[in-house]
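Peer 1: Quick one: structure below, then a few questions.
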Amino acid sequence: MATPRIMLLGAPGAGKGTQSANLADHYGIDHITTGDALRANKDMETEYGTPREFMEAGELVPDPVVNEIVEAAIDEADGFVLDGYPRNRSQAEYLESITDLDAVLYLEVSDEELIHRIAGRRLDPETNDVYHVEYNPPEDPAVEDRLVQRDDDTEEMAQERIGVFKESTLPVVEHFDATGDLVRIDGEQSPAAVWSDVRAAVDAAIDA
Ligand code: ADP
Ligand code: ADP
């Protein structure tokens, strides 16, 4: 299968964006990320208010808003990697009603490491590439000069979002674990070692 449909689960800071970029490149599939889509539409008026109000509080944006974004993106994609969606059982049920998946992966990382990764995360506003002040600084000083930090990447907000992950998203992990579809990946390794495990898991799922 040339164009796999992949779900990549993991807490905030687990490395979903980093590994999704690898997956999109390697398999030639779309990278569907609700976080980026919402950040680009923070002030969009919806019947629930704007995404900004929820994002700045570290809370989940209401399901109908994200479900609509994902359904439109899936309709246009051949294969895809879902990054940051689904984040609760209701989104997972919606997803299962609109598409089938070939692989479900879960990046496991300790809370302490998640906080360290989130606090040091920086974005290049021109390319949307993700860096880390310590683990993955840019080589080009011009890129380094323009890096920005996300508003919600403070240590306090990171704690809040990890709490939301445990309460709302871990049940999704447990659901796919129970159906036998989930592959756990040690996300605490180097980015290259994580990528090697991620690719092996997808290749195994495609061949199965
Ligand atoms: P991270 O990469 O740190 O996990 P994201 O960029 O995926 O963070 O998400 C940032 C914020 O966007 C979340 O805290 C939440 O407010 C909102 N968000 C992203 N995806 C979803 C989703 N599937 N459902 C609800 N809210 C979401
Ligand atoms: P997520 O999308 O799950 O929130 P990111 O891919 O944005 O996670 O990664 C969070 C931060 O940690 C970024 O600064 C990224 O450069 C860094 N990072 C990602 N994977 C690793 C890894 N395996 N080891 C160390 N740092 C990593």
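The values are calculated or read from the model by the stated rules, or taken from the named source; none is laboratory data. What you see is a predicted model, and the numbers here were worked out from it, not measured in a lab. As a convention, Cβ positions derive from the backbone with ideal geometry for all residues, glycine included, and neighbour counts pool all protein chains shown. To get the accessible areas, we keep the full protein, side chains included, count just its heavy atoms, and leave off ligands, DNA and RNA. Shrake-Rupley method; radii C 1.70, N 1.55, O 1.52, S 1.80 Å.
Peer 1: Could you give me the residue pairs with C-beta distances under 8 Å whose first residue belongs to region 94-123 and is open to solvent by 30 Å² or more (accessible area, probe 1.4 Å), whose second residue is away from ligand 1 (no atom under 13 Å from the Cβ) and among the hydroxyl-bearing types (Ser, Thr, Tyr) wherever it lies, and which are 6+ apart or on separate chains?
Peer 2: Within 8 Å, the pairs are ARG117/TYR135; ARG121/TYR131; ARG122/TYR131.
Peer 1: Only residues that are charged (D, E, K, R) and touching a residue at least 60 places away in the same chain (Cβ under 8 Å): list them for region 10-25, please.
Peer 2: Scanning region 10-25 gives a single hit, LYS16.
Peer 1: Run VAL143 past the list (1) open to solvent by less than 40 Å² (accessible area, probe 1.4 Å); (2) within 24 Å of LEU8 (Cα to Cα) and report the number of the one that doesn't hold.
Peer 2: (2)
Peer 1: Looking at (1) under 24 Å from PRO191 (Cβ atoms); (2) modelled with pLDDT under 95, can you tell me which one GLU134 breaks?
Peer 2: Of the numbered conditions (1) under 24 Å from PRO191 (Cβ atoms); (2) modelled with pLDDT under 95, the odd one out for GLU134 is (2).
Peer 1: Identify, from the list ALA158, ALA205, ALA193, ALA201, the residue that is touching a helix residue (DSSP H, G or I) at 6+ places or on another chain (Cβ under 6 Å) and open to solvent by less than 60 Å² (accessible area, probe 1.4 Å). Reasoning before the result, please.
Peer 2: Working: ALA205 fails: touching a helix residue (DSSP H, G or I) at 6+ places or on another chain (Cβ under 6 Å); ALA193 fails: touching a helix residue (DSSP H, G or I) at 6+ places or on another chain (Cβ under 6 Å); ALA201 fails: touching a helix residue (DSSP H, G or I) at 6+ places or on another chain (Cβ under 6 Å).
When all the criteria are applied, what remains is ALA158.
Peer 1: A follow-up question, please. Say we look at region 30-76 and pick out the residues that are small (Gly, Ala, Ser) and within 10 Å of ligand 1 (Cβ to nearest atom); which of these is farthest from ALA158 (Cα to Cα)?
Peer 2: ALA37
Peer 1: Output the residue which, of all residues in region 32-51 that are outside any loop (DSSP other than H, G, I, E, B) and of a type in the set (Val, Ile, Thr), is farthest from ligand 2 (Cβ to nearest atom). Write out each step before concluding.
Peer 2: Pass one, region 32-51, residues outside any loop (DSSP other than H, G, I, E, B): 32-39, 46-47, 49, 51.
Next, from what is left, pick out any that are of a type in the set (Val, Ile, Thr): 32-34, 46.
Values: ILE32: 13, THR33: 8, THR34: 11, THR46: 24 Å.
Filtering first and then ranking leaves THR46.
Peer 1: Additional query: What is the number of the single condition among (1) outside any helix (DSSP H, G or I); (2) away from ligand 1 (no atom under 14 Å from the Cβ); (3) at pLDDT 95 or above that PRO86 does not meet?
Peer 2: Only one criterion in (1) outside any helix (DSSP H, G or I); (2) away from ligand 1 (no atom under 14 Å from the Cβ); (3) at pLDDT 95 or above is unmet by PRO86, namely (2).
Peer 1: With the requirement that a residue be surrounded by fewer than 24 Cβ atoms within 10 Å (Cβ to Cβ) and either among the hydrophobic types (A, V, I, L, M, F, W, C) or in a loop (DSSP other than H, G, I, E, B) (or both), what does region 16-31 give you?
Peer 2: ALA21, ALA24, GLY28, ILE29
Peer 1: Being touching a Leu at 6+ places or on another chain (Cβ under 6 Å) and either on the phi < 0 side of the Ramachandran plot or within 16 Å of ligand 2 (Cβ to nearest atom) (or both): is that true of PRO62 here?
Peer 2: No; evaluated as a whole, the condition is false for this residue.
Peer 1: Among the candidates GLU47, GLU56, which residue alone is open to solvent by 10 Å² or more (accessible area, probe 1.4 Å) and under 18 Å from ARG122 (Cα atoms)?
Peer 2: GLU56 is the lone residue from the list that is open to solvent by 10 Å² or more (accessible area, probe 1.4 Å) and under 18 Å from ARG122 (Cα atoms).
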